[in-house]
2 protein chains.
Amino acid sequence: MTESLRIVPLGGVGEVGKNMTLIEYGDDAIAIDCGLMFPENDMLGIDLVIPNITYLLDNPELLRAIFLTHGHEDHIGALPYILPEIPVPLYATRLTQGLIEVKLKEAKLHSKIEINTVNAGSVIEIGPFKIEPFHVCHSIPDAVGYAVWTPRGLIIHTGEYKFDQSPANGQLPDLDRLRAYGDEGVLALLSDSTNAERPGHTPSEQIVSETFEEIFEQAKGRIIVATFASNISRVQQVINTALKHERRVAVVGRSMVENVKMARELGYLTAPEGIFLQTHELDRFPPSKIVIVCTGTQGEPTSALVRMANQEHHQVSLRRGDTVILSATAIPGNEELVHRTINNLFRLGADVIYQSLMPVHVSGHAAQDEQKLMVELVRPEYFIPIQGEYRMLVLHGRLGQEMGIPPANIFVVENGQVIEFDEKGAFLAERVPSGPIMVDGLGIGDVGSVVLRDRHLLSRDGFVVVVIALDQKTGELIEGPDIISRGFVFVRDSEDLMEAAKERVIELLESGKMHRDTAPTVISDQLSQLFYQRTHRNPMIFPMVLEV
Amino acid sequence: MTESLRIVPLGGVGEVGKNMTLIEYGDDAIAIDCGLMFPENDMLGIDLVIPNITYLLDNPELLRAIFLTHGHEDHIGALPYILPEIPVPLYATRLTQGLIEVKLKEAKLHSKIEINTVNAGSVIEIGPFKIEPFHVCHSIPDAVGYAVWTPRGLIIHTGEYKFDQSPANGQLPDLDRLRAYGDEGVLALLSDSTNAERPGHTPSEQIVSETFEEIFEQAKGRIIVATFASNISRVQQVINTALKHERRVAVVGRSMVENVKMARELGYLTAPEGIFLQTHELDRFPPSKIVIVCTGTQGEPTSALVRMANQEHHQVSLRRGDTVILSATAIPGNEELVHRTINNLFRLGADVIYQSLMPVHVSGHAAQDEQKLMVELVRPEYFIPIQGEYRMLVLHGRLGQEMGIPPANIFVVENGQVIEFDEKGAFLAERVPSGPIMVDGLGIGDVGSVVLRDRHLLSRDGFVVVVIALDQKTGELIEGPDIISRGFVFVRDSEDLMEAAKERVIELLESGKMHRDTAPTVISDQLSQLFYQRTHRNPMIFPMVLEV
């Protein structure tokens, strides 16, 4: 009996197959990526979201290894949460490995996990799989996709890619290798759908270098460039431009400093030692000789740029004459914070340059023409758009159809949907658990819909707690009613309302209509009515009846 | 002694001079617009935000009238909140008046407020002012700007405008009148900054009609067009295209139905009676003969489109073959809800067409080239960018400079900043109160930073209330500790933690180290530590100590 091959997109909030995808054959599986997502706006108080690995925990011997495509948080960030449960070996390129090691050290997992370095072209054999990483261009160096030979055929997982013919580090996309897979025959292509809404071709990193050149040419004062700490290529572009214009570079912020250090050690960032200066040395150089690189493009309150914008940064105070470059786009959901930051930078008199004004950022993902080129090179029998929200998968699927793949061979699925390949072909098999696992503080998965619903209610209208102590023999009121309320009304200005609430409770007690066991419900209903009538708000109400 | 002329941008959250601007001379002032804003994402539980009229309440005889530029919520929506405080006459064009009347009737203010109809070209005299509305193109018919002659000179307030040479209703922008003001000499131009980040010229409404034509040509099933209920011009475009393609039009949703009815009665929407059908008649016509017009472009949970997307709409259930058009852009902050709606529509098998895919919407605001044309026509001595966030005002100000206005004559200001014009020129005078006034239920302005901070804390980590009853003579524990918690942990799975908290309180009581008056603080500190240590969360903690 031959076994089935199964592909299972597991991780992502909103997005499908973004953070983790399984490739399974018989009793063995490998995972590609193990990333985290940031919570959606209505996941109140949640720190981050990780893939649902219930299926792997239910089949504890199944997973053999995790292969990482690149070093971004949404591809490696869940490792510290998932490895303690499933301590399998990791496979990653050198820079990705460096970024993973920082994480595992912090989580004290370093000594427990085997990390293997892979390079584009090297082949790893695990169980029934042969796995070969291939080089792709993305917004971080050393990104790869994976070719996975299985007994049922060859699977291509693109990772996150674009076909950039002028990448920041000069490493061109490996079209030949992709074409060779296609020549050999590919069973299924799993391809990055992020930019399926964008026609044409994603602009090359070259245009960012040119824009930097133009800005550096004209700026008279300091230049502050904000980008993601992981965007090593962008930092390289800043350094290159700074070199030409004889500016020194100060790297500000812990995560940025760490990443730059590590990338230099591993040889992924080329810079003469002399170009860097420490933040405390900034005053020793004229403004026209300084570039500051920092984080904060998403308006994160604790980032260096936002602290500068709010005049709360201890070492850098912005002023007229400074030029600030936001070299990133706002992740959906962050727009308000980003706009606020830009407004505040302008208020300080800085000149702010962001993507609406000049091309200071390009996407790291393939647009439609590149997505089509990928299909054309690989010529898969089956096409599975991944790494995108549902609408992007649909649109990406349509592109596949335009490229000649029959609609029946295109699988637009949700996380947890198993796609099975047997001797007759591919079909949708069962679904495995896939709901996002929310991390809040030390709690992994303990906050669910109930706690979130309460947080939502509390965030809208707050709460009121009413405490009364009754004589356990007579049922008479001995103490109270005492009221605590937060988030409902401004308590200091609402004494009348609180007095009215207390009186209502006393009336209810005196009326004799309220039995001890129904007291909480009656008080709750009556106060709800009172509060709604007076304020049109619905605080959560909690009566506590002590019998003493 | 001659008096000073003063201009005061009053209303807007994030945006400046968006919802209300005062023009004041001596003892008289008129306001332009009286709109509301929707709360920013961190204004938890807030329904809407209105302009701060403290300055007008402090000077009760000052305001003589309110002039409305057009019928959008952010220009008329605060009237029901502000007119009870300051019942002045209103001036508006006919359609705007119709929209205002609906509001005032709902608020039972209709009989108390005088509304005067104005037309482009008519002149109103109030105190020292002569006011003339002039026609502008915007995304609602009957929009105007205002020319205000004052003893110090002529002020031009553009309202919200674009220079559309193919507007949906055929009414061209009145370049001649603007040029005539310029010829006469304009002291100050207050101009719409919304699209100051966009180069070039905002595309004409014509392109939307063409796209509709293309979609209607190809769609085989039902077509559902979602847009703002106030976007009467867009509804007209749908009707025009439906007529050509012999489709009937069903208007779905209360606000949309009301606005269409009113606009037809006033003659702002042209449609043969026979083209409309009722929602309950939908099943009587083949899908290819149906267009549904509804709201929901912002992902509003109660809107018709979102209910359709969630399969919760009683009368319209979407299916494969339906084409859904989202004819609007997401207002910043709404992206997540909009994307979720689009994903869900695709999940139902509908074909969804939105702005990333085809030009099914154009902005109602002037882009940079039009903003320059406005300055060129009006040739003001002073330039005051309004109606935009701070960064847009800065960019708009730069355009003014490019057009030859000296930097010293360009005022980029915040809400509440008085700009004064005396015999020597213009200068920044004092600031008047301008913080946004938040409306929550019946409360206007009672929710401030304290309540919002509490809602924020509650939304992140919830709360814990601990109640103990002590003997008032001996200080011994009589009852409790009882604990109520919401939004912190899933209580049913956290009995251990709650027991630990109770034990900690009992230990504290038994240790004798805790005095009655310090008990709340000690309990709070100790439980804070315990909870953080176990969960890394920081719930609000409220100890209640009853003495009985």
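The values are calculated or read from the model by the stated rules, or taken from the named source; none is laboratory data. Computed from a predicted model, the values in this text were never measured in an experiment. Ideal geometry is used to build each Cβ from the backbone, glycine not excepted, and the neighbour counts take in all protein chains shown.
So how many residues does region A:414-469 have that are in a strand (DSSP E or B) and at the interface with chain B (Cβ under 7 Å from one of its Cβ atoms)? Of the residues in region A:414-469, 6 are in a strand (DSSP E or B) and at the interface with chain B (Cβ under 7 Å from one of its Cβ atoms).
Of all residues in region B:4-51, those that are hydrophobic (A, V, I, L, M, F, W, C) and farther than 21 Å from B:Ala426 by Cβ total 11. Residue count for region B:9-42 satisfying the condition of being in contact with a Lys or Arg (Cβ under 9 Å, 6 or more places away or on another chain) and more than 21 Å from B:His157 (Cα to Cα): 1.
In region A:209-236, what residues are assigned to a helix (DSSP H, G or I) and surrounded by fewer than 23 Cβ atoms within 10 Å (Cβ to Cβ)? Hits for region A:209-236 are A:Ser209, A:Glu210, A:Thr211, A:Glu213, A:Glu214, A:Ile215, A:Phe216, A:Glu217, A:Gln218, A:Gln236.
Scanning region A:331-356 for residues that are more than 9 Å from chain B (Cβ to nearest Cβ), under 19 Å from the mean Cα position of the chain (by Cα) and over 14 Å from A:Pro301 (Cα atoms) yields one hit, A:Ile331. Quick check: is even one residue across region B:451-458 of a type in the set (Lys, Arg), surrounded by 22 or more Cβ atoms within 10 Å (Cβ to Cβ) and over 21 Å from A:Val548 (Cα atoms)? Yes. Selection of region B:458-480 for residues being modelled with pLDDT under 95 and not aliphatic (A, V, I, L, M) yields B:Asp471, B:Gln472, B:Lys473, B:Thr474, B:Gly475, B:Glu476, B:Glu479, B:Gly480. Among the numbered conditions (1) crowded, with 21+ Cβ neighbours inside 10 Å; (2) touching a residue at least 60 places away in the same chain (Cβ under 8 Å), the only one that A:Glu258 does not meet is (1).
When A:Ala147, A:Ala188, A:Ala196, A:Ala168 are screened for being farther than 19 Å from A:Pro380 by Cα, buried (at least 22 other Cβ atoms within 10 Å of the Cβ) and either within 14 Å of chain B (Cβ to nearest Cβ) or among the small types (Gly, Ala, Ser) (or both), only A:Ala168 passes. Looking only at region A:274-316, residues that are free of Cβ contacts under 8 Å to residues at least 40 places away in the same chain, touching a Ser or Thr at 6+ places or on another chain (Cβ under 9 Å) and either surrounded by 24 or more Cβ atoms within 10 Å (Cβ to Cβ) or assigned to a helix (DSSP H, G or I) (or both) come to 2 in all.
Among the residues making up region B:19-48, those that are within 29 Å of B:Asp454 (Cα to Cα) and away from chain A (no Cβ under 14 Å) are B:Asn19, B:Gly35, B:Leu36.
The number of residues in region B:502-548 that are part of a helix (DSSP H, G or I), among the acidic types (Asp, Glu) and within 25 Å of A:Pro543 (Cα to Cα) comes to 2. Only one entry in B:Val49, B:Val13 is among the β-branched types (Val, Ile, Thr), farther than 25 Å from B:Gly127 by Cα and not in a loop (DSSP other than H, G, I, E, B), namely B:Val49.
Residues that are outside any loop (DSSP other than H, G, I, E, B), under 17 Å from A:Met256 (Cβ atoms) and assigned by TED's automatic domain parsing to the domain that holds A:Ser230: does region A:345-360 have at least one? No, because not a single residue in region A:345-360 is outside any loop (DSSP other than H, G, I, E, B), under 17 Å from A:Met256 (Cβ atoms) and assigned by TED's automatic domain parsing to the domain that holds A:Ser230. Flag not set for A:Ile506, criterion: surrounded by 16 or more Cβ atoms within 10 Å (Cβ to Cβ) and outside the structural domain of A:Ile50 (by TED's automatic domain parsing). Among residues that are under 30 Å from A:Leu357 (Cβ atoms), among the β-branched types (Val, Ile, Thr) and touching a strand residue (DSSP E or B) at 6+ places or on another chain (Cβ under 6 Å), A:Thr158 is not included. Among the residues making up region A:118-141, those that are in contact with a Lys or Arg (Cβ under 6 Å, 6 or more places away or on another chain) and within 21 Å of A:Arg179 (Cα to Cα) are A:Val123, A:Phe134, A:Cys137. In the set A:Asn41, A:Asn19, only one residue is surrounded by fewer than 24 Cβ atoms within 10 Å (Cβ to Cβ), polar (S, T, N, Q), under 20 Å from A:Ile444 (Cα atoms) and in the same structural domain as A:His135 (by TED's automatic domain parsing); that residue is A:Asn41. The single condition among (1) assigned to a strand (DSSP E or B); (2) crowded, with 16+ Cβ neighbours inside 10 Å that B:Phe488 does not meet is (1). Within region A:491-501, being more than 7 Å from chain B (Cβ to nearest Cβ), assigned to a helix (DSSP H, G or I) and of a type outside the set (Lys, Arg) holds for A:Val491, A:Glu495, A:Asp496, A:Leu497, A:Met498, A:Glu499, A:Ala500, A:Ala501.
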